[in-house]
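Input: a single structure, listed below in structure tokens.
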Amino acid sequence: MAPSASYSLQIHGGAGALDNVQDSKTAVRYLDSVRRVLEHGREVLELGGSALQAVETCASLLEDDPVFNAGCGSVLNEYGKVEMDAAIMDGRDLSAGAVAAVQNIPNPVQLARLVMSESEHVLLIAEGAMRFADHCGVVRAPDSYFSTADRVAQLERARLQHKMMLDHDDTEDDSEDQKYGTIGAVARDLSGNLAAATSTGGIVNKRMGRVGDSPIIGAGVYADNETCAVSSTGYGEEFMRSVIAKTIADFAYMQGMDAEQATAAGIEYLTRKVKGRGGVIVIDRDGRCASGFTTKKMVHGWIEHCGEAVARF
Ligand code: ASP
């Protein structure tokens, strides 16, 4: 099928050491989840749904899966609380919505979409974002929906080591399966429109009120029909300082690079400038999929030009 009449979709479930997933039950669990979500996204796109709808659907499903560090599976901050960040962007007109440091919201990506469509703003944070959620009729979930025994144990380990860490870098205990990861989705629909979404619980043992790259347009997420759609995962501070998602789009815009070239150039820039730890998924305006990461692994999967769903670390 000609690229102009095809759809593409790519999702990720976080980057990091992921030392213990290869050949384990956890690896199968991740890859099954990635394939299942890709097939849901395929349904949306095959029926003529927009790229925006596809990334919201995929991100919501990933938020609902406790294996990932987003929505119900979010990591805990220094006080043992969940504070989540999310963003969504429409490549048709660069409209975008984002929320940061929200609590008790089961699907932050859906709230981000409401910020985009129902408010005159791009980013709402904390109490203000939650009041906006109430105003929109979003039902809050109790603390028990988010908190898991695994997450409490993970926070304890981080506290003992006096460190903040990416969910997937929690590798102190080799016997333990590594379970969670920030999520993101990028898509190109049958009309050639691009969209991107990213959602996260952030990093383990983060300061209360810390906001990462995920809800920052141009860092954790970016989409422009003229260039590409990007979703990032990794140490947010490094991704914000390098404005990595927009940098990748700029490589495409200013140097005419395709997804693979722009991703490679972006990863080189991220590494050289800030020693960035993490990865990105990218779909360009022709529907080509690319990904890159500086960590050992990144959980991700794609459907390129209506093809087979592929899931990888
Ligand atoms: N980028 C996220 C953050 O810094 C974390 C991650 O991707 O795992 O909040």
At 7 Å along the Cα-to-beta-carbon direction for both Glu260 and Arg36, put a label point, then send me their distance in nm to one decimal. 3.2 nm
Taking neighbour Cβ counts within 10 Å as the exposure measure, how do Val55, Val75 sort from fewest upward? Val75, Val55
Given charges at beta-carbon only (K, R positive; D, E negative), |dipole| of the chain in Debye: 520 debye
Would you mind checking which residues have amide H under 5 Å from Met257's amide H? H placed 1.01 Å from N; only 5 or more apart, or other chain. Ala252
Residue-by-residue Karplus 3J(HN,Hα) for the range 9-14, coefficients 6.51, -1.76, 1.60, Hz, glycine and proline x: 8, 9, 9, 9, x, x
In whole Å, what are the Cα extents of the range 28-73 along the three principal axes, biggest one first? 30, 21, 9
Taking the simple approach of a point 7 Å from Cα along Cα-to-Cβ for both Val310 and Arg140, what is their distance in nm? 4.4 nm
Integer Hz, Karplus 6.51/-1.76/1.60 couplings in order for the range 109-119, x for Gly and Pro: 5, 6, 5, 4, 5, 5, 4, 5, 8, 10, 10
Please arrange Val138, Val99 by counting, for each residue, the other beta carbons lying within 10 Å of its beta carbon, fewest first. Val138, Val99
Rounded to the nearest 500, the 222 nm mean residue ellipticity computed for the chain from DSSP H runs (n ≥ 4, each -39500 (n - 2.57)) alone is -10500 deg cm²/dmol
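Quick note: the coordinates plus some simple rules give every number you see, no bench work behind them. All values reported here derive from a predicted model rather than from experimental measurement. Glycine also receives a Cβ, built like all others from the backbone with ideal geometry; neighbour counts cover every protein chain displayed.
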